[in-house]
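Enquirer: The structure under discussion is supplied below as structure tokens; questions concerning it will follow.
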């Protein structure tokens with residue numbers, strides 16, 4: 001619980017250290033207290049003047065800490081959140097996905113998202129005006145078709161604000177600012193409510209198709225940040241935090257898979273990747289802190305290898321823990337990281353289909369560069385003689401293209417010669433050694449690859465099964 005220093009705002013009633021400081025207009029014998037020194041050697045002093053009701057309202061010089069008995073300055077008791085070792089934690093008491101105070105404020109200020117409001121009250125065909133951010137604005141309602149009524153100042157229309165649905169409204173993310181207290185228990189959700197909120201976002205919001213996916217992404221992204229903020233304030237670091245962070249990491253991977261081709265004004269892949277990495281790093285720390293042995297850990301330890309696929313330190317760490325974990329997926333990710341570092345495209349593409357579906361989605365960001373490596377190596381190996389021809393179908397299968405047409409398109413962008421056999425009607429590729437350097441800096445190569453697992457997820461649409469780890 002939090003404690004506040006209470007005092008009467010009327011003059012002549014503030015007390016400090018048993019003395020009455022009523023002000024010079026009430027007590028002609030009032031004198032400025034002498035400068036005192038605390039045990040740490042800091043000076044504390046008071047001044048009479050405009051805006052200084054009471055000497056106790058001043059901070060200790062150089063400390064920013066209110067003196068004992070200070071006026072309206074906030075002071076945390078020993079039960080509040082501190083960084084001191086062994087200090088007790090704040091426990092949230094909000095039993096809804098959004099605190100009532102925030103819900104009413106956002107309703108009054110028109111800051112509700114289209115996923116959080118009741119349906120339009122006038123008719124089933126009407127809808128609230130939606131901004132580009134996904135927030136809904138007020139709707140103009142006509143009054144009996146007249147231009148105005150007597151007593152309404154000539155205004156014939158009125159603004160109807162959308163009402164928040166308490167079962168759908170979710171706490172939004174807000175940065176800490178001066179004058180705002182983020183540690184009130186009634187504004188913080190306990191772990192069980194945080195898990196229910198994450199489950200609601202994955203089961204009810206993520207699969208929605210009635211609006212562009214970037215609107216869905218922005219909404220879930222913001223609400224997940226608020227969930228992480230509540231976890232940090234309450235210092236939730238147990239298995240509940242692990243399950244929540246696992247779901248958040250999977251969401252960011254799926255968002256990259258869905259929005260990778262969008263313009264930067266709609267989706268920023270760098271911000272998404274930054275939050276993915278931050279959550280993954282925190283997750284790995286919690287694994288060690290809680291000595292977590294669940295099988296889901298194998299998947300995220302493997303993901304760590306794929307995220308830092310060029311890092312020898314990460315691969316070394318994975319080697320050190322794979323013996324005790326005995327994980328097949330971790331072994332595959334280590335072999336893929338080594339294949340990537342050695343530019344062994346054959347082994348890389350052979351292993352990628354053995355990964356879980358969510359990790360295959362993440363590997364899309366490495367497929368393009370591996371295909372560049374492969375074309376460079378083929379130019380060096382098969383471009384020595386003009387008579388050397390490679391079947392187009394073999395390249396398609398080795399680099400996991402979906403079809404020969406996709407392979408043909410990519411090679412056409414690189415000005416690689418493709419010839420057709422008049423007898424078998426099969427296409428062949430003729431590489432040139434002079435094109436090898438160009439392959440390493442080539443752009444526009446496709447990053448999509450053939451994956452039956454991903455195809456089934458996209459067709460099935462069961463995204464909660466893909467992302468939810470609760």
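The values are calculated or read from the model by the stated rules, or taken from the named source; none is laboratory data. Note that the coordinates shown come from a computational prediction; the quantities given were computed from them, not determined experimentally. Virtual Cβ from ideal backbone geometry, glycine too; neighbours counted across all protein chains shown.
Enquirer: Can you say whether residue 208 is more than 20 Å from residue 465 (Cα to Cα) and outside any helix (DSSP H, G or I), as far as the supplied structure shows?
Expert: For residue 208, the condition - more than 20 Å from residue 465 (Cα to Cα) and outside any helix (DSSP H, G or I) - is not met.
Enquirer: Sticking with this one: Only one of (1) surrounded by 15 or more Cβ atoms within 10 Å (Cβ to Cβ); (2) over 27 Å from the mean Cα position of the chain (by Cα); (3) without any contact (Cβ under 8 Å) to a residue 60 or more places away in the chain is not met by residue 349, so which one is it?
Expert: Looking at each condition in turn, residue 349 falls short on (3).
Enquirer: Kindly list the number of the only condition in (1) under 25 Å from residue 218 (Cβ atoms); (2) surrounded by 15 or more Cβ atoms within 10 Å (Cβ to Cβ) that fails for residue 271.
Expert: (2)
Enquirer: Would a scan of the stretch 321-338 turn up a residue that is over 28 Å from residue 457 (Cβ atoms), buried (at least 22 other Cβ atoms within 10 Å of the Cβ) and either within 26 Å of the chain's Cα centre (by Cα) or at pLDDT below 95 (or both)?
Expert: No: the stretch 321-338 contains no residue that is over 28 Å from residue 457 (Cβ atoms), buried (at least 22 other Cβ atoms within 10 Å of the Cβ) and either within 26 Å of the chain's Cα centre (by Cα) or at pLDDT below 95 (or both).
Enquirer: Select, from 331, 344, the only residue that is over 27 Å from residue 465 (Cβ atoms) and either touching a residue at least 40 places away in the same chain (Cβ under 8 Å) or touching a helix residue (DSSP H, G or I) at 6+ places or on another chain (Cβ under 9 Å) (or both).
Expert: 344
Enquirer: Still on this structure, I have one more. Hey, among the residues in the stretch 419-455 that are surrounded by 15 or more Cβ atoms within 10 Å (Cβ to Cβ), without any contact (Cβ under 8 Å) to a residue 60 or more places away in the chain and in contact with a helix residue (DSSP H, G or I) (Cβ under 6 Å, 6 or more places away or on another chain), which one's nearest to residue 382 (Cα to Cα)?
Expert: 431
Enquirer: When you check residue 379 against the structure, is it modelled with pLDDT under 95, not assigned by TED's automatic domain parsing to the domain that holds residue 273 and not in a loop (DSSP other than H, G, I, E, B), yes or no?
Expert: Taking the combined requirement at face value, the residue satisfies it.
Enquirer: Taking only the stretch 451-470 into account, find how many residues are in a loop (DSSP other than H, G, I, E, B) and within 13 Å of residue 248 (Cα to Cα).
Expert: Qualifying residue count, the stretch 451-470: 3.
Enquirer: Shifting gears a bit: Among (1) at pLDDT below 90; (2) surrounded by 12 or more Cβ atoms within 10 Å (Cβ to Cβ), which single condition is residue 153 missing?
Expert: Only one criterion is unmet by residue 153, namely (2).
Enquirer: Additional query: Working carefully through the options 378, 361, find the one that is buried (at least 17 other Cβ atoms within 10 Å of the Cβ) and within 30 Å of residue 220 (Cβ to Cβ).
Expert: 361
Enquirer: Only residues that are closer than 24 Å to residue 454 by Cβ and modelled with pLDDT of 95 or more: list them for the stretch 275-296, please.
Expert: 275, 276, 277, 279, 280, 283
Enquirer: Shifting gears a bit: Report every pair of residues separated by at least 6 positions or lying on different chains whose Cβ atoms are under 7 Å apart, first residue within the stretch 100-116 and under 26 Å from residue 213 (Cβ atoms) and outside the structural domain of residue 210 (by TED's automatic domain parsing), second assigned to a strand (DSSP E or B) and modelled with pLDDT of 95 or more.
Expert: As it stands, the answer is none, since no pair meets every condition given.
Enquirer: Here's another thing I want to ask about it. Considering only residues that are without any contact (Cβ under 8 Å) to a residue 12 or more places away in the chain and more than 41 Å from the chain's Cα centre (by Cα), look in the stretch 382-398 and name the one that is nearest to residue 429 (Cα to Cα).
Expert: For the stretch 382-398, the residue satisfying everything is 387.
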